[in-house]
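Q: Let me begin by handing over the structure; questions about it come next.
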Amino acid sequence: MANFTPVAAIVGGVLVGLAAVLLWLANGRIAGISGIVGGLMTPQRGDLAWRFAFILGLAAGPLLYAGLGGAVPAVEVTPSIPLLVAGGLLVGYGTRLGGGCTSGHGVCGLARLSPRSLAATVTFLVAGLVTVFIARHALGA
């Protein structure tokens with residue numbers, strides 16, 4: 001619990017919720033990152049600008065925070081490149097299989113009381129817990 005930051009977590013959660021609500025009110029779209037990025041692969045007329053703006057906002061947020069004097073933690077990536085690629089492909093496959101990602105199901109779907117999103121979110125969390133248990137305890141990584 002050395003890194004327990006409830007204020008930052010609450011502020012971050014409020015900002016994520018606000019962004020999801022604003023996207024829904026402005027465009028009638030769900031703020032699911034996999035769907036937004038996936039839509040860039042098969043663009044429709046008039047559909048690119050808001051998708052790029054949303055993704056740019058995701059990247060600009062931490063930069064703005066750091067520019068305002070916020071402490072951005074150092075990120076150390078220790079797995080090998082093949083392991084990262086395999087993990088990315090599995091996540092991409094999982095989002096297609098589950099019909100969305102944690103942002104779409106966990107933030108927007110649960111807010112709409114969607115049973116499908118509840119099932120997907122529980123599945124994501126259980127898969128994450130099992131993966132961490134296997135990696136840390138069974139394999140000793």
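Q: Please sort by residue number the trypsin sites (Lys or Arg not before Pro) in segment 1-83 whose DSSP state is loop and whose Cβ has at most 14 other Cβ atoms within 10 Å.
A: Those that pass, being in a loop and sparsely packed, are ARG45.
Q: So what's the back-of-envelope 222 nm ellipticity for the chain, counting only DSSP H runs of four-plus at -39500 (n - 2.57) apiece and dividing by all residues, rounded to 500?
A: So the calculated ellipticity at 222 nm is -21000 deg cm²/dmol.
Q: Next question, about the same structure. Would you please report the Å³ per residue occupied by the convex hull of the alpha carbon atoms in segment 29-73?
A: 84
Q: What number in nm² do you get for the chain if you take the convex hull of its Cα atoms and divide its surface by four?
A: 10.8
Q: Then there is this: Over the chain, what is the relative contact order in percent, taking alpha-carbon pairs closer than 8 angstrom and at least six residues apart?
A: 26
Q: Moving to a separate point now. For segment 22-64 and segment 65-135, what is the separation of their Cα centres, given in Å?
A: A separation of 18 Å, based on Cα centres.
Taken together, the values in this text are just the output of simple stated rules run on the coordinates, not laboratory data. A quick note: this is a predicted structure, and the numbers were derived from the prediction, not measured. Every residue, glycine among them, receives a Cβ derived from its backbone with ideal geometry; neighbour counts consider all protein chains shown.
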